[in-house]
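The structure appears below as structure tokens.
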Amino acid sequence: MGKSTKTTVKKQKGKQIKDKEEFLKSDVFSTDKKYWLIVALLAIVSGYLSSQHVSNMFENQKQFSHLSTLERELSFRTEMGLYYSYYKTIAEAPTYMSGVRKILKCNITEYPDEINVLRRFNLYPELVLGTMFRIYKWYGKLFNMRLETCYTINRGEGLSQVQSCVGMGDIAHFYVYPIFWLNGLMLSAFFILGTYISGSILGGAISVICFFYNWGEATRVQWTPPLRESFSFPFLIAQLLTIVHLLKCPSPNLRHSVLLSIITTCFMLPWQFAQFALLTQVCAIFGLYLLKFIDSKRITIILYGLLLSHYLNFVFQLANTLLISSFFMAAMISALVVIKLEVYFEKLPHRILIWVSQASFFLFMSVVIKVGTAKLFQIKDDAHIFDILKSKFSDFKDFHTLLYVCAPEFDFLGFEYANNVSKTLLLPTAIFVGFVVLIKILINEWKYWICNEKIMENSECPTKPYTEHFYWLLQTVAFMIMSVMIMRLKLFGTPSLCILASLLASKQIFGFIGQRSVQYSVIFLLLAGMTYQGYKNLNHQFSMKGSYSNVEMENLIEWINANTEPDAVFAGAMPTMAGIKLSCNRPIVNHPHYEDVGLRERTKRVYQMYSRKKPSYYHKEMIDMGVTYVILETSWCNRRQREGCGLPEVWDNEDFENLGRPALCNVLSENPRPFHRVWTNGVYQVLKV
């Protein structure tokens, strides 16, 4: 009887090895050049279609090619205009080095302070594009090439004619179109990732189709190209592809660490928030290590790559303080310490006790390192992030937190999102695939921990079956939690659902179906169901037409340029200040980049115009800040996204002394004394201090 059992186990083992060898030879692991040619060709097609789709939606919504230079600048609202202004500084400076010096030592962004905006605002995209634009213009001049075509636009409705230029020689076109091309490359990498993780070209196709059908829930690059995520997210997809490869490859080594560090650095450099996304990645990978899906060597190679990228980012960002006290760095160090102490943890008597001890130590060390470094270096720049999270689950609220959470994009993800991604069948598909992956993993874990069956796939650097699939499941859960808590982060959640859906084509996951023809039939039926709503979504995007116009803001900019001194200092609403900095190059005291603790306090002082304080008090505050003109927008007085979110109501939460008084903005609108109203157009009032 014992001999028979032994023979059966050997046969099962032999079958597993044979199945594994067949899988390694199939689809994505094939060395057939024709196969890889098809993958490359489909990736290029996906990227091209994506780039065209983005640029067409952008053009259709704004009629960007028909706008004047000023209109194009003003179309970049809020922080987008701030970022674009530094690109413009480098591109239009008399010399390249004078432009660089202006961003390294800038005294007009937070007047009168001089700040290094390259370190503060993650401006490497603008530095690179500004440099390339200067080279492109020099090259065109050298060879007498025509780089742009200009013509006159009749705007009608009593508006003056404007000159509009198109072509890559136009400063604005040179800025936005590389962003669209980069996001085209993102979808190429997205297709490869779907193909690689599913082991099937069909899996790559599913991921791209799901992305297109759920485009409005997956990205907003077509509406907001200058935002940091537009430059950063394509590199995240490449980075995730690298992580999946590191989890699958038989012998990870130092070269993989270097590759990972380079791609992760490219992801981190343009976007301060990147470190929080990477924190979830460290936690997911540490979870794999904890459950013995990967060994200490593999996780160490990954962590070394991430640590190196963090160091490189710290160097390139010229010692950005947010990186010193980041939870991302704290988590990496804590994970490495747990790995080094592995032999001691393994001496504990029970596996559950080992897991609890390692996880508790990891969490405790991460918090200690994070809090310790923040206290040691007196870093408070990221305190608002934890305040936002605190406000989500308690009645805590202060001025800065309310400015965030009252904005729709920082609210919880609504049921509308679940409804939209359910109509395209993306959410049900992803949930079903995740459930199947989880069941397969639980069966294997039972064999490993209870039956003591050897299921490790690689003797040199052991991994369990479905390691990369389990990682993606954990990563998707983490990204979806982020999305649910803050709506604007759904750009992480939706793409991860699309990749999870690609596993429908995986022979390794759905091999139990039997014949591949049956599996393919189910997939094509599902895609047909997805297409019903997906086609409607695409049609809606194709039909979106518009034309940018903001005559009131245009008039304000023209008045400032014609009637104020170049050194006149302005204060006002953050979006308006970004426009004045960009189009007037006047000093401002506050702006929309709210991640710095000092800037938050400056803005709070300026926004006292929406409190109920006395005019004389606010006038003195503006004199103390060195302000020459205050831009008053009465619409901000009465604007409210929901109850408790009007700016006077926000102030009522902490300015109890002046409760019951009229809002200062309404008072100044009727009688500006002690200020002097020097210009108004009904929307904007310019008050001289």
Among the candidates E621, E565, residue that is assigned to a loop (DSSP other than H, G, I, E, B), surrounded by fewer than 23 Cβ atoms within 10 Å (Cβ to Cβ), more than 31 Å from the chain's Cα centre (by Cα) and modelled with pLDDT of 95 or more: E565
- request: Select from the stretch 245-300 the residues that are in contact with a strand residue (DSSP E or B) (Cβ under 8 Å, 6 or more places away or on another chain), closer than 22 Å to V477 by Cα and not in a helix (DSSP H, G or I) and list them in ascending order.
  value: F293, I294
statement: Residues of the stretch 624-635 being surrounded by fewer than 19 Cβ atoms within 10 Å (Cβ to Cβ) and either assigned to a helix (DSSP H, G or I) or among the hydrophobic types (A, V, I, L, M, F, W, C) (or both), in sequence order, are D624, M625, S635
message: Would you confirm whether or not the stretch 140-149 contains a residue that is among the aliphatic types (A, V, I, L, M), surrounded by 13 or more Cβ atoms within 10 Å (Cβ to Cβ) and under 28 Å from the mean Cα position of the chain (by Cα)?
response: no
- prompt: Give me the pairs: first residue in the stretch 254-283 and within 22 Å of R298 (Cα to Cα) and touching a residue at least 12 places away in the same chain (Cβ under 8 Å), second residue small (G, A, S) and not in a helix (DSSP H, G or I), beta-carbon distance under 8 Å, and six or more apart or on different chains, which are they?
  reply: Q275/S326; L279/S326
field: Pick from the stretch 648-680, criterion part of a loop (DSSP other than H, G, I, E, B), over 14 Å from Y618 (Cβ atoms) and over 37 Å from the mean Cα position of the chain (by Cα), ranking: modelled with the highest pLDDT
entry: L659
- request: Determine which single condition S502 fails, assuming it passes every other condition in (1) closer than 22 Å to A189 by Cβ; (2) of a type outside the set (A, V, I, L, M); (3) in a loop (DSSP other than H, G, I, E, B).
  value: (3)
- prompt: Inside the stretch 202-224, can you point out the residues that are of a type outside the set (S, T, Y), crowded, with 21+ Cβ neighbours inside 10 Å, closer than 25 Å to G414 by Cβ and touching a Phe, Trp or Tyr at 6+ places or on another chain (Cβ under 8 Å)?
  reply: F211, E217, A218, V221, Q222
field: Residue that is farthest from F328 (Cα to Cα), among those in the stretch 366-392 that are among the β-branched types (V, I, T) and assigned to a helix (DSSP H, G or I)
entry: I388
task: Provide a single number: the residues in the stretch 314-345 that are of a type outside the set (A, V, I, L, M, F, W, C), surrounded by 22 or more Cβ atoms within 10 Å (Cβ to Cβ) and modelled with pLDDT of 95 or more.
output: 1
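Each row is one residue, and each column tells you yes or no for (1) in a strand (DSSP E or B); (2) free of Cβ contacts under 8 Å to residues at least 60 places away in the same chain; (3) touching a strand residue (DSSP E or B) at 6+ places or on another chain (Cβ under 6 Å).
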{"site": "E114", "(1), (2), (3)": "yes, yes, yes"}
{"site": "R120", "(1), (2), (3)": "no, no, no"}
{"site": "M132", "(1), (2), (3)": "no, yes, no"}
{"site": "I135", "(1), (2), (3)": "no, yes, no"}
{"site": "N144", "(1), (2), (3)": "no, yes, no"}
{"site": "L147", "(1), (2), (3)": "no, yes, no"}
{"site": "M168", "(1), (2), (3)": "no, yes, no"}
- request: For residues that are in contact (Cβ under 8 Å) with a residue 24 or more places away in the chain and farther than 30 Å from N590 by Cβ, scanning just the stretch 57-74, find the one that is surrounded by the most Cβ atoms within 10 Å (Cβ to Cβ).
  value: M57
message: Being closer than 19 Å to L527 by Cβ and either over 19 Å from the mean Cα position of the chain (by Cα) or part of a helix (DSSP H, G or I) (or both) is true for just one of F174, F211. Which residue is that?
response: F211
field: the stretch 245-261 - residue that is farther than 14 Å from F293 by Cα and surrounded by fewer than 18 Cβ atoms within 10 Å (Cβ to Cβ) and, of those, modelled with the lowest pLDDT
entry: S251
- prompt: Is one or more of the residues making up the stretch 102-109 of a type in the set (A, V, I, L, M, F, W, C) and touching a Pro at 6+ places or on another chain (Cβ under 7 Å)?
  reply: yes
- prompt: In this structure, does F174 turn out to be out of contact with any Asp or Glu (no Cβ under 8 Å at 6 or more places or on another chain) and over 20 Å from F64 (Cα atoms)?
  reply: no
- request: State which residue is nearest to G579 (Cα to Cα) when the search covers only the stretch 65-74 and only residues that are in a helix (DSSP H, G or I) and among the hydroxyl-bearing types (S, T, Y).
  value: T69
- prompt: Are any residues in the stretch 580-607 more than 17 Å from N122 (Cβ to Cβ), assigned to a loop (DSSP other than H, G, I, E, B) and in contact with a Leu (Cβ under 9 Å, 6 or more places away or on another chain), and if so, which ones?
  reply: N590
- prompt: Taking the stretch 570-589 only, how many residues are under 15 Å from H384 (Cβ atoms) and either small (G, A, S) or touching a strand residue (DSSP E or B) at 6+ places or on another chain (Cβ under 7 Å) (or both)?
  reply: 0
- prompt: Can you pull out the residues in the stretch 296-312 that are crowded, with 18+ Cβ neighbours inside 10 Å and touching a residue at least 60 places away in the same chain (Cβ under 8 Å)?
  reply: R298
message: Condition first: assigned to a helix (DSSP H, G or I), under 22 Å from F570 (Cα atoms) and free of Cβ contacts under 8 Å to residues at least 60 places away in the same chain. Now tell me which residues in the stretch 75-112 satisfy that.
response: Y86, T89, K102, I103, L104
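Going by what's in this entry, would I455 be described as under 35 Å from the mean Cα position of the chain (by Cα) and of a type in the set (V, I, T)?
So I455 does not fit the description; no.
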message: Need the failing condition index for T242 against (1) in a helix (DSSP H, G or I); (2) buried (at least 24 other Cβ atoms within 10 Å of the Cβ), just the number.
response: (2)
message: Of all residues being of a type in the set (F, W, Y) and over 31 Å from the mean Cα position of the chain (by Cα) in the stretch 517-538, which is nearest to H53 (Cα to Cα)? Just the residue, please.
response: F524
task: Would you tally the residues in the stretch 624-643 being closer than 16 Å to V667 by Cβ and either among the acidic types (D, E) or over 36 Å from the mean Cα position of the chain (by Cα) (or both)?
output: 1
statement: The condition of being closer than 26 Å to R255 by Cβ and charged (D, E, K, R) holds, among E342, E346, only for E342
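The values are calculated or read from the model by the stated rules, or taken from the named source; none is laboratory data. Just so you know, these numbers come straight off a predicted model, no measurement behind them. Neighbour counts run over all protein chains shown; Cβ positions are idealised from the backbone, glycine included.
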